[in-house]
Ligand code: PEP
Ligand code: MN
């Protein structure tokens, strides 16, 4: 893909490229105070959502176009570049007219090819950096398709933002990182800059540092982080925002490994993929245990024994065969399932022996 740098004049070339600012623009004062604090910490590009796609009606849906005036003031007063999310052709036109320096397409929009095409059409003949978040669902082709639509409109200063993927089960992460997807994006379009959004992946402020470090270890180009002067009072995404001071601390703690030998880098990438697989294994196991507990309740209500030998033998034999078909030693898989079964039995015995309330 023919691309040009997304770096703006005066923005240092070194990793990470940082975009920071509140999830949403709330009031003119809130926007300006965040911008002043962030510029004091050396931030160069300021983010704030004006139009907010919310999951349910009744949430704060953004201040709308008036926020563009506030962002213009941010530029004048602080010299920061400003970035905002666009979801329609109208947003795109208004943002361009207001001189917004960087536009991004949100995850819900990327998932909708009609909406992306509408934005791409509004970008025809314009030269502005555009960042495309991954779609909410883990579909790399849909992500690449959105990037292609924007690229076909003539945008060359293009980048991607990895913000994780929705899942029904919400455990450690708000949005599962599934690092192998942005890694595959890098393999498919090697010259495309990728930023990580640790705020929306983690959903909680404690996770911003480790996720950012992981992104740096995977050689991502930058970070887009939500920062608010009074995070707990934020009108959207309060639990994942950090103060500009905390953000500065997090950024200073990052270890940026440059010039790694190809083999070390490959090893790191592979190890991250192992971490990713292990996280998936834990999520799946905990889902399995939840079902096991439901079965425990059923057995209790129907006065059945916990151990049903026929079913146990069937599982152990079948899984052994499945494992062998996937090039794993039958005994190994048998051992894994014996351990899983042991824990399942322990959990069901606990349920069966619970006193009825
Ligand atoms: C955001 O950046 O505030 C946002 C709405 O993100 P996403 O599109 O990743 O949900
Ligand atoms: Mn947000």
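Please treat every number below as a calculation from the coordinates, not as lab data. Since this is a predicted model, take the numbers as computed values, not measurements. Quick reminder, even Gly has a Cβ in these numbers, built from the backbone with ideal geometry, and neighbours come from all protein chains shown.
Quick notes on this one:
- Projected area averaged over orientations for region 1-118, convex hull of C-alpha atoms, nm²: 8.4
- Sites residue 321 and residue 114, calculated FRET efficiency, Cβ-Cβ separation with R0 56 Å, nearest 0.05: 0.75
- Helix 140-152 vs. the chain, principal-axis angle (Cα, 0 to 90°, nearest 10): 10
- Take the Kirkwood radius over Cα pairs of region 229-357, plug it into Stokes-Einstein at 10 °C and 1.306 mPa s, and you get 81 µm²/s for translational diffusion.
- Highest-first arrangement of 113-120, 218-225, 293-300, where packing means the average Cβ count within 10 Å: 218-225, 113-120, 293-300
- Cα-based Kirkwood hydrodynamic radius, the chain, one decimal, Å: 22.5
- With Cα atoms defining each centre, region 79-117 and region 150-170 are spaced 12 Å apart in the structure.
- Using alpha-carbon coordinates, inclination of helix 113-123 to the longest axis of the chain, degrees: 20
- Sorting the segments 266-273, 129-136 by their residues' average number of neighbouring beta-carbon atoms within 10 angstrom, most packed first, yields 129-136, 266-273.
- Note on residue 343 and residue 238: their simple-model spin labels are 3.5 nm apart, each label 7 Å out from Cα toward Cβ.
- Förster-model FRET efficiency, 35 Å R0, residue 29 and residue 286, C-beta, rounded to 0.05: 0.20
- Translational diffusion coefficient (Stokes-Einstein; Kirkwood radius from C-alpha pairs) of region 63-145 at 25 °C, 0.890 mPa s, in µm²/s: 185
- Value of relative contact order over region 207-342, rounded to a whole percent, pairs C-alpha under 8 Å and six or more apart: 16
- The order of the peptides 137-148, 326-337 by mean Cβ neighbours within 10 Å, most packed first, is 137-148, 326-337.
- Here the extension length gained between residue 167 and residue 354 equals 64.2 nm, from 0.36 nm per residue of separation less the Cα-Cα distance.
- Distance between modelled label sites at residue 69 and residue 249, nm, 7 Å Cα→Cβ extension: 3.7
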